[in-house]
1. Could you list, in sequence order, the residues of region 39-59 that are under 21 Å from Glu121 (Cα atoms) and either touching a Phe, Trp or Tyr at 6+ places or on another chain (Cβ under 8 Å) or modelled with pLDDT of 95 or more (or both)?
2. Would you be able to tell me the number of residues in region 60-84 that are modelled with pLDDT under 95, of a type in the set (Val, Ile, Thr) and either within 13 Å of Val38 (Cβ to Cβ) or not in a strand (DSSP E or B) (or both)?
3. Criterion first (in contact (Cβ under 8 Å) with a residue 12 or more places away in the chain, assigned to a strand (DSSP E or B), under 18 Å from the mean Cα position of the chain (by Cα) and under 15 Å from Asn29 (Cα atoms)) does Asp57 satisfy it?
4. Do you know which of the residues in region 89-113 that are acidic (Asp, Glu) and touching a residue at least 60 places away in the same chain (Cβ under 8 Å) is surrounded by the most Cβ atoms within 10 Å (Cβ to Cβ)?
5. Can you spot a residue in region 100-118 that is assigned to a strand (DSSP E or B) and in contact with an Asp or Glu (Cβ under 9 Å, 6 or more places away or on another chain)?
6. Which number in (1) touching a strand residue (DSSP E or B) at 6+ places or on another chain (Cβ under 8 Å); (2) exposed (fewer than 15 other Cβ atoms within 10 Å of the Cβ) marks the one condition that Ile42 misses?
7. Using the structure shown, decide if Pro35 is part of a loop (DSSP other than H, G, I, E, B) and touching a Ser or Thr at 6+ places or on another chain (Cβ under 9 Å).
8. Taking Phe108, is it in contact with a Phe, Trp or Tyr (Cβ under 7 Å, 6 or more places away or on another chain) and not aliphatic (A, V, I, L, M)?
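The values are calculated or read from the model by the stated rules, or taken from the named source; none is laboratory data. The model shown is predicted, which means the values in this text are computed figures rather than measured ones. Note: ideal-geometry Cβ built from the backbone for every residue, glycine included; neighbour counts use all protein chains shown.
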Amino acid sequence: MTSYGGEAVAHDMFALLHEAAAPVVTRWNYCTDDPYAVTVEIQTRGNRFVDWVLARDLLVEGLEAPAGIGDVRVRPADMGEWEVTLVEIRSPDGHAVLEVDRDLLRQFVQATIDAVPLGSESLAVDIDAEIEKITRSCAD
């Protein structure tokens with residue numbers, strides 16, 4: 001089994017909330033311990049962050065073409081002279097569309113692929129350890 005040793009990839013990026021005047025800070029995090037997921041933290045008022053967990057495959061696909069169904073959708077777009085990726089998030093509490101610089105997002109996604117190549121995610125997950133954690137939590 002290949003071990004990725006809990007490596008992490010993190011990038012802070014400014015993003016625009018669709019049609020807003022001022023950018024917001026977003027933190028994009030990837031950890032090889034959870035190789036299928038990317039967490040994006042979106043700064044809100046008062047230095048509070050709202051976290052969303054996205055499938056890494058959704059970001060990979062959404063860089064090139066519209067992707068996703070349901071609460072999270074990702075697609076490339078041109079905003080005048082800027083190439084962006086739109087990340088649309090819906091919840092019962094609201095709806096937001098983030099405009100993220102496509103090149104910066106592509107660099108982040110590539111760094112995650114360098115850490116755990118696409119298709120090899122299952123090699124980074126210790127299934128026995130995960131089953132043990134679940135079993136232990138059910139016994140308590």
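1. From region 39-59, those under 21 Å from Glu121 (Cα atoms) are 39-40, 52-59; that's our starting set.
Scanning region 39-59 gives Thr39, Val40, Ala55, Arg56, Asp57, Leu58, Leu59.
2. Qualifying residue count, region 60-84: 2.
3. no
4. Checked region 89-113; the qualifying residue surrounded by the most Cβ atoms within 10 Å (Cβ to Cβ) is Glu99.
5. The first filter runs over region 100-118 and keeps only residues assigned to a strand (DSSP E or B), leaving 100-101.
If we keep only those that are in contact with an Asp or Glu (Cβ under 9 Å, 6 or more places away or on another chain) too, we end up with 101.
There is at least one residue in region 100-118 that is assigned to a strand (DSSP E or B) and in contact with an Asp or Glu (Cβ under 9 Å, 6 or more places away or on another chain).
6. Failing condition for Ile42: (2).
7. yes
8. The answer is yes for Phe108.
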